[in-house]
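Visitor: First the structure, which I've put down as C-alpha cells, then a few questions once you've had a look.
The values are calculated or read from the model by the stated rules, or taken from the named source; none is laboratory data. Note that the structure is predicted; figures quoted are calculated from it, not measured. Please note: Cβ atoms are built from the backbone with ideal geometry, for glycine as well, and neighbour counts cover all protein chains shown. Just so you know, the surface numbers come from the protein's heavy atoms only, side chains and all, with ligands and any DNA or RNA stripped out. Shrake-Rupley method; radii C 1.70, N 1.55, O 1.52, S 1.80 Å.
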Amino acid sequence: MTDVDTTGPETSAFISPVAMENDPDALFAGDRGTLDADVRRVLVRILQRRFLLAENSPAEWKLLLEHQQMIESRLNDLFVRLVVDHARGVAYKEQVRSDEVDVPILLKDEAYSRAETLVLVYLRTVFQRETTAGTASARVDVEEVEQTVLTYFAETDGTRASQQRAVRTAIARLDREGIIEEESEGRYRIGPLIEIVLSAETLRELQAWLDEQTAGSSASSSPETPQGDLLS
C-alpha cells in the first residue's frame with residue numbers, strides 16, 4: 001500500500017471553509033444546510049412550540065404542508081415524529097420511543113398541573129357540549145371557569161386567593177399554547193386543539209375522578225394528566 005502524503009500544500013486533512021460570497025446558497029459562514037431559510041424557520045418553530053396552528057400562522061402552515069416530507073425527515077433524524085392534523089389545522093411533535101432501538105430522548109414530557117388539568121376538563125366539557133349542540137364556537141368567561149374549578153379545591157390547597165391565582169395562571173398558559181384565545185377581556189374562545197390535548201377517554205377518566213371527589217372519596221391524587229413533548 002502506498003502512503004499518501006497529506007502534508008503538502010495541495011492537500012489538507014480538513015475542508016477549507018467557503019467564503020459566503022463564493023457560496024450564494026449559504027445563510028451563514030460554514031453553512032451546510034440544504035433547506036431554504038423560510039423552511040428552516042418552520043422547522044425551528046415546530047421544535048420551539050408545542051403546537052403550530054394554521055389559524056394563527058397561515059404562512060408557516062402553508063410552508064409546512066409544501067415541505068412536509070423534508071421537515072419530517074429532519075425531525076426523524078432526531079428521533080422525533082411530526083403529527084399533522086389537517087382537519088383541525090394543527091401540527092405538533094412527538095418523541096419517538098422504541099423497545100427495539102436505543103433512542104436518545106430529546107423531548108421531555110411536561111404534565112399539566114392539577115389546576116391546569118381541572119381547567120382543561122371544564123373547557124373540554126363545554127366544548128363538547130356546544131359542538132354537540134351544533135354551536136359553531138364554544139366560549140367561556142373567566143369567572144365561570146373559576147366558579148366551577150374552585151369547587152374542586154380542598155381547604156388544604158391554600159387560601160381562596162391562592163386558588164384563584166392558580167386558576168388564572170392555568171388559563172394564561174392555555175392561552176399561550178393556543179388552546180383558548182382571549183377575544184375580549186376575560187372572555188375566551190375554546191379552539192379544537194382541546195380535543196387533541198384532552199381525549200374523550202381521558203376526559204371520562206378525569207370526570208369519574210372528580211365525581212368521586214365530589215361524593216367524598218378519599219382519593220388524594222388525580223389520574224395521569226395530559227402531557228406534551230417539549231425540548232429538554
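Visitor: When the dipole is taken about the Cα centre of segment 120-186, and only Lys, Arg (+1) and Asp, Glu (-1) are charged at their Cβ, what size is it in debye, to the nearest 20? Please report the intermediate quantities before stating the final value.
Guide: Numbers: 8 positive and 13 negative charges, 48 e Å.
Charge dipole, segment 120-186, about its Cα centre: 220 debye, nearest 20.
Visitor: Next up: Sorted by accessible area (1.4 Å probe), largest first, how do Asp175, Asp77, Asp109 line up? Intermediate values should be presented prior to the final figure.
Guide: Values: Asp175 50, Asp77 110, Asp109 75 Å².
If we order Asp175, Asp77, Asp109 from most to least accessible, we get Asp77, Asp109, Asp175.
Visitor: How much length is gained on full extension from Arg173 to Gln207, taking 0.36 nm per residue of separation minus their Cα-Cα distance? Numbers along the way, then the final one.
Guide: On the way: separation 34, 0.36 × 34 = 12.24 nm, distance 2.17 nm.
Once the chain is fully extended between Arg173 and Gln207, it gains 10.1 nm.
Visitor: Please give the solvent-accessible surface of Arg32 in Å², to the nearest 10, using a probe radius of 1.4 Å with every protein chain present.
Guide: Here the accessible area works out near 150 Å².
Visitor: Shifting gears a bit: Measure off 7 Å from each Cα along the Cα-to-Cβ vector at Ala37 and Ala161, then give the distance between these two points in nanometres to one decimal.
Guide: For the pair Ala37/Ala161, the computed spacing is 5.1 nm.
Visitor: Read phi for every residue in segment 57-65 and hand back ³J(HN,Hα) as whole Hz from Karplus 6.51 cos²θ - 1.76 cosθ + 1.60, θ = phi - 60°, with x for Gly and Pro.
Guide: Residue by residue, segment 57-65 yields 9, x, 5, 5, 4, 4, 5, 4, 5 Hz.
Visitor: Can you tell me how segment 100-181 classifies by the Cα gyration tensor, rounded, prolate or oblate, using a/c under 1.5 as the rounded cut? Before the final figure, lay out the partial values.
Guide: Working: a/c = 2.34, a/b = 1.23, b/c = 1.89.
Verdict is oblate for segment 100-181.
Visitor: Right, another one. Using a 1.4 angstrom probe on the protein heavy atoms only, could you order Glu55, Glu146 from most to least accessible area?
Guide: Numbers: Glu55 125, Glu146 20 Å².
If we order Glu55, Glu146 from most to least accessible, we get Glu55, Glu146.
Visitor: In debye, nearest 20: dipole of segment 37-95 around its Cα centre with unit charges on the Cβ of K, R (+) and D, E (-)? Could you put the intermediate results ahead of the total?
Guide: Values: 10 positive and 8 negative charges, 39 e Å.
The calculated dipole for segment 37-95 is roughly 180 debye.
Visitor: Quick one: accessible surface of Ser137, probe radius 1.4 Å, all protein chains present, in square angstrom to the nearest 10.
Guide: 40 Å²
Visitor: Subtracting the Cα-Cα distance from 0.36 nm times the residue separation, let me have the gained length for Glu183 to Ile105 in nm, one decimal. Spell out each step's value before the answer.
Guide: Working: separation 78, 0.36 × 78 = 28.08 nm, distance 3.76 nm.
Going from the current span to full extension adds 24.3 nm.
Visitor: With a 1.4 Å probe and all protein chains kept in place, how much accessible area does Lys108 have, in Å² rounded to the nearest 10?
Guide: 100 Å²
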